[in-house]
Amino acid sequence: MKNKINLYLIEYAINSILRQKFKNIFILFILILLTSLLASIFFISNSIKYELNSTLKALPQITVQKLKAGRHYDINTNVVDEIINIAGVTDAIPRVWGYYYFANLGANFSIIGIDEYENQYKTSLNKIIKEFDFAKALENNSMIVGEGVKKALNENYYNEYFNFIKPDGTFKKVNIAGVFKSSLELESNDTILLPKELALEIFGMDDSKATDIVVKVANPEEIPTVANKIKLLYPDTRVITNKDLEISYQNIFDYKGGIFLALFIVAIFTFFIIVYDKASGLSSEEKREIGVLKALGWKIEDVLKEKFYESFIISFFGYIFGVLIALTFVYVFNAPLLSNLFSGYSELKTSFQLPFVLDVNTLFLLFFLTVPIYIASTIIPSWRSATIETDKVLR
């Protein structure tokens with residue numbers, strides 16, 4: 001036969017699949033299950049890695065924190081003038097921020113104090129300041145919240161305002177003036193933006209204090225040098241560079257990725273058990289079928305082509321349906337249970353939508369992990385049976 005697609009062989013392969021439909025449906029189901037699990041692992045990993053990398057780009061170059069008894073403590077804002085005088089430093093910005101525990105939801109909200117007349121440490125805040133009037137927000141005791149916060153407050157019947165509990169036990173009523181959205185889910189989902197004066201009041205901090213100080217450096221290569229100079233000036237501080245944060249984030253990602261690696265190994269191991277079972281030999285019925293086909297005049301080449309079409313149809317549909325199920329599971333239903341392996345099971349968090357990241361290399365990797373291997377596991381034992389004398393096979 002000519003080396004081209006033979007429609008008659010394809011038709012025979014389809015009929016062969018249908019003749020053993022229960023067996024092939026079971027194999028197809030297992031392939032879909034394993035492919036969807038592998039694809040889900042890769043998709044979640046790619047999405048969270050993309051989100052973390054995007055977040056890292058927005059992090060401060062240098063962060064200076066005050067330490068007392070080994071713990072993070074409020075820092076005096078008067079050190080800003082001395083830090084600005086260090087060669088290479090272009091700006092030093094005192095930040096007021098922290099976490100507020102919302103007991104009804106069992107979640108921590110991130111609170112950031114904003115002074116619209118100060119330089120902002122990230123461009124996303126400049127965009128929000130242009131959109132909302134924070135001077136008016138101070139007059140009206142108002143705040144701007146992220147979409148995740150707004151949803152959480154609405155679920156707990158805080159539609160127009162929220163009562164913060166201050167450190168002295170008194171309440172501070174703050175109106176909800178608007179909702180902002182950032183391109184980063186991890187950045188905007190659990191964030192509340194307040195005028196700095198309101199944030200200081202809610203945290204019970206003095207006007208001369210800040211949570212930490214963000215330092216901007218003109219030349220990124222001088223960041224380690226500037227960080228060392230700040231540490232020499234203030235030995236009681238912790239100086240964190242964006243490189244330190246990147247390493248910390250990567251360590252967390254690698255640790256969580258180890259759990260995904262374990263799932264990946266289990267899925268691959270299960271798949272190879274199926275492949276080994278297929279490759280160990282054909283059933284007596286399948287051997288007899290090959291013997292009959294050879295007796296009818298089929299060549300070894302024809303038998304192998306038919307088995308190729310048969311295994312390709314099963315494995316390819318298993319691959320396609322597995323990827324489609326994984327895409328739906330991850331990006332429509334937000335990967336329940338599996339996403340918690342990365343984000344954790346703690347209730348002290350608000351959920352976020354996984355960003356859609358479709359990596360072509362991942363699709364190719366999944367394809368070569370499933371389709372060619374399954375085809376080989378079918379072709380090899382078929383070739384062994386097809387090379388045996390016809391009468392021996394029939395006997």
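Odds and ends about this structure:
- Distribution of pairwise C-alpha distances over the stretch 75-210, 10 Å bins, in %: 11, 42, 33, 11, 2, 0
- Förster radius 56 Å - calculated FRET efficiency between E221 and I30 (Cβ-Cβ, nearest 0.05): 0.55
- Computed E for L232/F356 - FRET, C-beta separation, R0 35 angstrom, nearest 0.05: 0.15
- Residues whose placed amide H lies under 5 Å from that of A335, excluding near-sequence neighbours: V330
- The DSSP beta bridges internal to the stretch 75-210 are antiparallel in roughly 60% of cases.
- Between the alpha-carbon centres of the stretch 1-47 and the stretch 97-139 there is a gap of 52 Å.
- The overall shape of the stretch 37-91, judged from the alpha-carbon gyration tensor, is oblate: a/c is not under 1.5, and a/b is no greater than b/c.
We did not get these values from a lab; they are worked out from the coordinates using the rules stated. These numbers come from a predicted model, not from an experiment. Positions of Cβ are backbone-derived with ideal geometry, glycine not excepted, and every protein chain shown enters the neighbour counts.
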